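One structure is given here, and the rest of the page talks about it.
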Amino acid sequence: MLLPLPDDLLKVPHRRDVSFARLTTLGVGGLCHWLFEPTTEAEAQAFVRACAREGLPWRVLGGGSNLVVLGDLKLPVLRLALPKEARREGTRLTAPASHGHIALAEAAAAAGLSGLEFASGIPGSLGGAIRMNAGAYGREWVDVLTRYRFLTPEGDLVEKAPEPGEFRYRWSFLTGGRVVLSATADLEEGDSVRIRAQVAEYREKRGTSQPLSKRNAGCIFKNPPGLSAGRLIDQAGLKGLRVGDAEVSPEHANFLVNHGQATAAEFAELMEQVRLRVFEIHGVELEPEVEMWRE
Ligand code: FAD
Ligand code: EPU
């Protein structure tokens with residue numbers, strides 16, 4: 001039992017009992033009993049310091065677009081609510097972690113800065129995208145990231161340039177209580193019309209290959225080296241496989257979609273069935289890309 005929470009933690013703006021269905025794109029999950037939404041870096045730091053001092057486990061949430069939450073969570077959840085302002089200096093664009101990811105790609109396009117076109121269809125927050133080293137169409141965040149700021153698990157502020165080993169395919173070291181606060185992309189001067197044309201092309205590709213009209217969490221499994229998880233699941237004949245209202249998308253087999261009333265347990269069960277069947281048929285162990293949270 002985590003209560004009572006210390007007074008300095010309770011000074012950080014927070015809400016009680018918010019449904020994870022509202023906090024995640026998949027639209028499932030129980031209640032978030034304590035949702036802390038700091039509006040300044042100092043408040044975020046106070047949150048992390050208080051949790052570290054008390055030995056409280058906690059989690060950090062972005063846009064919830066890569067997440068399945070099983071049941072209620074009593075532990076404190078941090079969701080940054082820093083002012084969503086992007087700052088341009090030359091070809092560099094800096095934004096707080098709470099900035100919308102697609103909105104940042106759009107801001108870059110509007111400013112005639114090229115390099116974030118790949119990000120234009122990836123939902124969630126900038127912080128989540130840095131943590132996941134999100135990518136598409138042959139580019140990923142580490143290709144443009146030039147500096148970033150984060151809190152250590154003890155609440156100390158670090159600002160640095162990325163170094164080898166810190167980021168790889170759909171992974172970064174920014175886990176385990178590290179909180180991304182802001183990031184700077186080094187972009188190139190470009191022509192807004194061309195940039196927008198590239199964005200439109202990527203959106204068209206996405207629109208025709210991914211089930212964007214139904215709630216989902218993007219690709220459920222990472223692509224194994226040299227292979228496509230979507231193709232493996234498809235070849236295993238699993239498109240349309242259903243557990244309750246959770247379904248393997250008939251459009252793209254690595255997307256699971258919510259037909260409306262699905263539960264997190266149904267998604268977890270469907271993921272397990274897909275994983276086992278792909279292993280039986282192809283002998284390949286799929287690794288989840290989505291995060292699974294449980295108390
Ligand atoms: P969340 O889902 O909230 O969290 C994901 C992880 O990041 C969690 O571990 C969380 O603790 C951590 N996190 C969140 N914020 C922070 C922070 N400030 N500091 C430290 N850790 C943090 N992904 C791709 O890479 N490429 C794609 O093409 C792509 N397409 C998608 C399409 C759709 C329709 C959807 C729904 C998802 C897609 N995704 C894709 C997955 C998802 O959008 C990305 O992983 C995204 O970057 C997650 O960001 P988020 O803010 O939603 O993170
Ligand atoms: N394919 C099938 N059947 C399917 C789905 C795909 O045969 O049901 C085949 C396609 O025909 C294609 C190959 O598999 O030959 C790859 O498919 P696709 O081009 O859709 O790309 P992907 O590898 O499935 C990856 C990322 C996506 C990203 C796209 C575009 C992963 C796990 N997925 O998908 O990222 O948007 O490329 O760059 O790396 C995400 O990470 O959440 C995500 C959506």
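The values are calculated or read from the model by the stated rules, or taken from the named source; none is laboratory data. Quick caveat: nothing in here was measured; it's all calculated off a predicted structure. Cβ atoms come from the backbone with ideal geometry, glycine included; neighbour counts cover every protein chain shown. Accessible surface areas use protein heavy atoms only, side chains included; no ligands, DNA or RNA. Shrake-Rupley method; radii C 1.70, N 1.55, O 1.52, S 1.80 Å.
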Kindly provide the pair-distance distribution of the chain built from C-alpha pairs, with 5 Å bins from 0 and whole-percent values in order of increasing distance. 1, 5, 12, 15, 17, 16, 14, 11, 6, 2, 0, 0
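How much of the accessible area of region 211-294, probe 1.4 Å, is carbon plus sulfur, in whole percent? Each step should come with its number before you reach the end.
Details: 1940 of 4030 Å².
Summing carbon and sulfur atoms, their accessible area is 48 percent of the total for region 211-294.
How high is the relative contact order of the chain, given as a whole-number percent (alpha carbon pairs under 8 Å, six or more residues apart)?
Details: 640 pairs, mean separation 51.6, N = 295.
Here the relative contact order equals 17 percent.
What does the helix-only formula give at 222 nm for the chain: each DSSP H stretch with n ≥ 4 adding -39500 (n - 2.57), the total divided by the residues, and the result rounded to the nearest 500 deg cm²/dmol? Mind showing how you got there, number by number?
Working: 8 runs with 83 residues, N = 295.
Dividing the helical sum by the residues of the chain leaves -8500 deg cm²/dmol.
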How much length would be gained if the chain were fully extended between residue 168 and residue 103, taking 0.36 nm per residue of separation minus their Cα-Cα distance, in nm to one decimal? 21.0 nm
Pairs of lysines 8 or more apart, or on different chains, with alpha carbons under 30 Å: count those in the chain, would you? 17
Estimated D of region 157-245 in µm² per second, where Rh is the Kirkwood radius over Cα pairs and Stokes-Einstein applies at 10 °C, 1.306 mPa s: 90
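At a 1.4 Å probe, what is the % contribution of carbon and sulfur to the accessible area of region 28-159? Mind showing how you got there, number by number?
On the way: 2400 of 4750 Å².
About 50 percent, which is the carbon plus sulfur part of the accessible surface.
Please list the helices of the chain that count as membrane-span-like by this rule: a mean Kyte-Doolittle hydropathy of at least -1.0 together with Cα atoms stretching 15 Å or more along the helix axis, each helix being a complete DSSP H run.
Values: long enough: 41-54 (20 Å, -0.32); 192-209 (26 Å, -1.11); 264-282 (27 Å, 0.19).
Helices meeting the criterion: 41-54, 264-282.
Sort 29-42, 124-137 by packing, meaning the average of other beta carbons within 10 Å per residue, with the highest value first.
On the way: 29-42: 19.5, 124-137: 23.8.
The most tightly packed comes first, giving 124-137, 29-42.
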Selected from 213, 182, 120 as most flexible by GNM, with the chain as the system and alpha-carbon contacts under 10 Å: 213
Peptides 83-91, 60-68: what's the order by average Cβ count within 10 Å, highest mean first? 60-68, 83-91
For a label point 7 Å along the Cα-to-beta-carbon line of residue 85, residues of region 141-170 with backbone N under 12 Å: none
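For residue 7 and residue 154, what does the FRET efficiency come to when R0 = 25 Å and r is the distance between their Cβ atoms, rounded to the nearest 0.05? Mind showing how you got there, number by number?
Values: r = 20 Å, r/R0 = 0.80.
The calculated FRET efficiency here is 0.80.
How do the peptides 267-278, 225-236 rank, highest first, by the average count of neighbouring beta carbon atoms within 10 Å per residue? Mind showing how you got there, number by number?
On the way: 267-278: 18.1, 225-236: 16.1.
Highest-to-lowest ranking by the protection proxy: 267-278, 225-236.
Take the Cβ-Cβ distance between residue 189 and residue 214 as r, set R0 to 41 Å, and report the resulting FRET efficiency rounded to the nearest 0.05. Don't skip to the answer; put the middle values down first.
Details: r = 38 Å, r/R0 = 0.94.
Given R0 = 41 Å and the Cβ-Cβ separation, E is 0.60.
Residues of the chain: accessible area per residue at 1.4 Å, in Å²?
I get 45 Å² per residue for the chain.
Taking 0.36 nm per intervening residue step and subtracting the Cα-Cα distance, what contour gain separates residue 74 from residue 147 on full extension? Before the final figure, lay out each step's value.
On the way: separation 73, 0.36 × 73 = 26.28 nm, distance 3.38 nm.
Residue separation times 0.36 nm, minus the Cα-Cα distance, leaves 22.9 nm.
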Modelled FRET efficiency - R0 41 Å, residue 49 with residue 272, Cβ distances, 0.05 increments: 0.60
